[in-house]
1. Sum up the charges of everything whose Cβ sits under 12 Å from the Cβ of K140, counting Lys and Arg as +1 and Asp and Glu as -1, but leave K140 out.
2. Charges only on Cβ, +1 for Lys and Arg, -1 for Asp and Glu: so what's the dipole of segment 69-135 about the Cα centre, in debye to the nearest 20?
3. Add -39500 (n - 2.57) for each DSSP H run of 4 or more in the chain, then divide by its residues: what number comes out at 222 nm, to the nearest 500 deg cm²/dmol?
4. What lysines sit close enough to K76 to cross-link, taking a C-alpha to C-alpha distance under 23 Å and skipping anything fewer than 8 places away on the same chain?
5. Using the alpha carbon gyration tensor of the chain, what are the three equivalent-ellipsoid semi-axes (square root of 5 times each eigenvalue), largest first, in whole Å?
6. Run through segment 25-74 and list the trypsin sites (Lys or Arg not before Pro) located in a DSSP loop whose Cβ has at most 15 other Cβ atoms within 10 Å.
7. Taking the Kirkwood radius as the inverse of the mean 1/r across Cα pairs, report the Rg/Rh of segment 39-117.
8. For segment 37-123, which chymotrypsin sites (Phe, Trp or Tyr not before Pro) are both in a DSSP coil and crowded by at most 10 other Cβ atoms within 10 Å?
Amino acid sequence: MPQTAAQKALAAKKAALKGVHAKSVRKVRTSTHFHLPKTLRLARKPKYARKSVPHLPRMDQYRVIRSPLNTESAMKKIEECNTLTFIVDLKANKNQIKDAVKRLYDVEALKVNTLIRPTGEKKAYVRLTADVDALDVANKIGLI
């Protein structure tokens with residue numbers, strides 16, 4: 001049943017005298033850890049791009065492979081192991097070296113072994129697949 005105006009006024013008087021915040025219920029915590037509540041995280045909406053032009057690939061094939069190596073031991077590797085030897089960029093990894101050899105010389109690499117020389121350069125041994133002869137590729141490069 002609806003309250004009358006007098007009842008409403010009486011309830012308002014009681015609330016004003018007593019105060020509405022008199023009784024506070026403390027939250028029962030069941031965990032020993034306090035986790036911050038998960039709030040709304042909006043995606044970034046920048047007003048303008050921070051970079052006007054995206055950077056060109058920093059490690060292209062010309063930067064990865066510096067030069068072929070034509071020492072006696074490298075020539076022996078070409079003849080006996082079907083392996084080409086290169087001086088490569090210090091930051092290049094094996095996948096990048098493999099990809100650069102494929103792009104520059106149009107040959108498929110079977111595997112790549114790398115080492116860092118005492119001079120601080122990185123040397124890569126690129127083993128070619130059986131269907132390609134390393135001697136032919138070396139001739140094409142101009143090693144022999």
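No lab work stands behind these numbers, since they all come straight from the coordinates. Every value quoted in this text rests on a predicted model; they were computed, and no experiment measured them. Methodologically, a virtual Cβ is constructed for each residue, glycine included, from the backbone with ideal geometry; neighbour enumeration extends over all protein chains shown.
1. Working: positive: none; negative: D106, D133, D136.
Residues near K140 contribute -3 overall.
2. Details: 12 positive and 10 negative charges, 80 e Å.
Its charge dipole is roughly 380 debye.
3. That calculation yields -9500 deg cm²/dmol at 222 nm.
4. K94, K98, K102, K111, K122, K123, K140
5. Values: eigenvalues 1253, 72, 41 Å².
Working from the Cα gyration tensor, I get semi-axes of 79, 19, 14 Å.
6. Numbers: sites: R26, K27, R29, K38, R41, R44, K47, R50, K51, R58, R63, R66; in loops: R26, K27, R29, K38, R41, R44, K47, R50, K51, R58.
Sparse-neighbourhood loop trypsin sites (Lys or Arg not before Pro): R26, K27, R29, K38, R41, R44, K47, R50, K51, R58.
7. On the way: Rg = 19.6 Å, Rh = 15.5 Å.
That ratio is 1.26, to two decimals.
8. Values: sites: Y48, Y62, F86, Y105; in loops: Y48.
Those that pass, being in a loop and sparsely packed, are Y48.
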